[in-house]
Amino acid sequence: MTRSFAALLLFAGLSLTALAGTQDLPPPPANGLRDDTRALPEPRQAELAREIAACRAALQADVWLNAGTFLPSGQTLRSQARDLRQHWSPNRDAILLAYDRASDSLALSLSPSLWQRYPTAEISGLSQHMAALMAVKEQPLDQRLAASLRVVMTQMQLLEKQRRTAATTLSTDHGHIARIFAATLGGGAFVLALLGTFMRRRDVQAAWQLHFPEVQVGLRFGAAHGGGVVVEKDRG
């Protein structure tokens, strides 16, 4: 009884902790952009919001950008990106790009299903590309953030297009192969049927036997084996 009660308390404590952690997370932004840094002006946000909507339609997945000014104690930018992605898209595939202004760094978080859908090397290369864009400190922050997000969306849409093209081509090739295989099987079956018929006829003909009839012939001119019966066979 004591152990069951302790287990119940532990479960309740963990549930409350998880709930409190969820409540600390901000709600998902309607346009896909959350900018606490105020680095993105309104015109830039409008442009990116349209591009995010198009990318979502192409990928059938959510796309998010979160720009923050600080990280909570004990949390990394990568873990924050993962937590936000899971909180904002609990039941959908999602891509979230997180930016921390204090460290001027980016982190990318993708749903596990997207890692399985696309080549790992191509996705991993995005981090290096974004790091190169963010390293150009001479450019304003909004330009670097926009360029980084566009690189992610462009590459992911390219990977999706390649995946669909490969799937369509593979299906078409499979159809051609199936038709050729069926025609080959049909032709082979026809040839085997003809060969079997020919072999059966040859065996039947080889099994034919001709026997001279037994007849009683009397003596002719006193000869014990005189002729009297003539057999004639015409083969045409």
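Only a single criterion out of (1) without any contact (Cβ under 8 Å) to a residue 60 or more places away in the chain; (2) open to solvent by 30 Å² or more (accessible area, probe 1.4 Å) is not satisfied by ARG101, namely (1). Just one of the listed residues (LEU106, LEU40) is farther than 27 Å from THR165 by Cβ, in contact with a helix residue (DSSP H, G or I) (Cβ under 7 Å, 6 or more places away or on another chain) and touching a residue at least 60 places away in the same chain (Cβ under 8 Å), namely LEU40. Scanning the range 115-152 for residues that are among the aromatic types (Phe, Trp, Tyr) and open to solvent by less than 70 Å² (accessible area, probe 1.4 Å) turns up just one, TYR118.
Of PHE181, PHE190, all but one fail to be at pLDDT 70 or above, part of a helix (DSSP H, G or I) and either open to solvent by 60 Å² or more (accessible area, probe 1.4 Å) or touching a strand residue (DSSP E or B) at 6+ places or on another chain (Cβ under 8 Å) (or both); the exception is PHE190.
Residue pairs whose Cβ atoms lie under 6 Å apart, separated by 6 or more positions or on different chains, with the first residue in the range 78-90 and at pLDDT 95 or above and the second small (Gly, Ala, Ser), are ARG78/ALA107; GLN80/ALA98; ALA81/ALA98; ALA81/ALA107; ALA81/SER109; ARG82/SER109; ARG85/ALA94; ARG85/SER109. Taking residues in the range 144-157 that are in contact (Cβ under 8 Å) with a residue 24 or more places away in the chain and within 17 Å of TRP115 (Cβ to Cβ), and partners anywhere that are outside any helix (DSSP H, G or I) and among the small types (Gly, Ala, Ser), the pairs with Cβ atoms closer than 9 Å and at least 6 places apart or on different chains are MET156/ALA61.
Run down ALA46, ALA39 and say which single residue is within 29 Å of GLU122 (Cα to Cα), surrounded by 12 or more Cβ atoms within 10 Å (Cβ to Cβ) and modelled with pLDDT under 95. Break it down into steps so the answer makes sense when it comes.
On the way: ALA46 fails: modelled with pLDDT under 95.
The unique qualifying residue is ALA39.
State yes or no: is ALA206 open to solvent by 60 Å² or more (accessible area, probe 1.4 Å), out of contact with any strand residue (DSSP E or B) (no Cβ under 9 Å at 6 or more places or on another chain) and modelled with pLDDT of 80 or more?
Numbers: open to solvent by 60 Å² or more (accessible area, probe 1.4 Å): yes; out of contact with any strand residue (DSSP E or B) (no Cβ under 9 Å at 6 or more places or on another chain): yes; modelled with pLDDT of 80 or more: no.
So ALA206 fails the test.
Summed over the range 26-76, the residues that are closer than 19 Å to ARG144 by Cα, of a type in the set (Lys, Arg) and in contact with an Asp or Glu (Cβ under 7 Å, 6 or more places away or on another chain) give a count of 1.
The values are calculated or read from the model by the stated rules, or taken from the named source; none is laboratory data. What you see is a predicted model, and the numbers here were worked out from it, not measured in a lab. Positions of Cβ are backbone-derived with ideal geometry, glycine not excepted, and every protein chain shown enters the neighbour counts. Protein only, heavy atoms only, side chains kept; ligands, DNA and RNA dropped before computing areas. Shrake-Rupley method; radii C 1.70, N 1.55, O 1.52, S 1.80 Å.
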